[in-house]
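First the structure, in the form of structure tokens, and then the observations on it.
The values are calculated or read from the model by the stated rules, or taken from the named source; none is laboratory data. Predicted model, so just to flag it, every value in this text is computed and none were measured. Using ideal geometry, Cβ is built from the backbone for each residue, glycine included, and neighbour counts are taken over all protein chains shown.
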Amino acid sequence: MQTIYILWLRQIKRYFRSKTRIVGSLGQPLLLLLALGFGFGPIFQKAGGGNYIQFLAPGIISMGILFIALFSGIEIIWDKQFGFLKETLVAPVSRFKIMIGRTLGGGTVAVIQGLIIFIISLLVGFRPMNFHLLLLSFIFMALIALFFTALGTAIASVLGDMQGFQLIMNFLLMPLFFLSGALFPLQGLPKAITVAASINPLSYGVDGLRGTLVNGAHFGLLTDFLVLSIITIVMLIIGSFLFSKIES
């Protein structure tokens, strides 16, 4: 447990030491929240969708968590290149504990990012409708963060350079985000997009947040929670296996 705690704390300290990283990681979510929220708000309202900020904010919160969680994997490649990972791997500690500690740390940082965006969204007009479900919404944030941090760790474990990791992340990020229902309702879409959204892990995170915050769940909160919980456990197992294969 001490190893897990140390690695968890190290990830959090890394995040707060880099003020540029904090500000930079908030730029894109804030831009989308303001530009799309107020730009498409009148159109969304005329189409009978109501207040677009209310609809959009859970998706932007999920986006902020997604980006930070996935890119936490790049720190593994960074540590590979500068030797810190080798020192960690040769320590008399199981690699499973090392992976769990790093994943919990990266997931915590991603949740902090989501909470910051949540606060910003309150300042621009977002109003949660279910204060009694706020705790559940934080659980959904944590599940999104853990799943995508474990995914980032799994990908980084089989790659050896940052350029390859960034290419794969750029290939994954936009489809995951745009096909999650973060920007538009999932009802009445073409079948191909509906199928893509249904197999997209982020869709269930966005839907869970939207359901707990504004009563807008498409799949249902129970379905969202079960799917996210199961795939998070599976991804932690896969990530642990791939991490254990890294050569020290």
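Exactly one residue among I61, I22, I65 is part of a helix (DSSP H, G or I) and modelled with pLDDT under 85, and that residue is I22. Could you check D207 against (1) in a helix (DSSP H, G or I); (2) in contact (Cβ under 8 Å) with a residue 60 or more places away in the chain; (3) among the charged types (D, E, K, R) and say which number it fails? So the condition that D207 fails would be (2). Beta carbons closer than 6 Å, at least 6 apart along the sequence or on distinct chains, pair a first residue in the range 134-155 that is more than 23 Å from M99 (Cβ to Cβ) with a second that is among the β-branched types (V, I, T) and in a helix (DSSP H, G or I) for L136/T212; S137/T212.
Within the range 177-188, can you find the residues that are without any contact (Cβ under 8 Å) to a residue 24 or more places away in the chain and within 24 Å of the chain's Cα centre (by Cα)?
Step one: of the range 177-188, the residues without any contact (Cβ under 8 Å) to a residue 24 or more places away in the chain are 178, 184, 188.
Selection gives F178, F184.
Scanning the range 193-204 for residues that are more than 14 Å from I144 (Cβ to Cβ) and in a helix (DSSP H, G or I) yields I193, T194, V195, A196, A197, S198.
Total residues in the range 205-248 satisfying the condition of being among the polar types (S, T, N, Q), buried (at least 19 other Cβ atoms within 10 Å of the Cβ) and more than 15 Å from T153 (Cα to Cα): the figure is 1.
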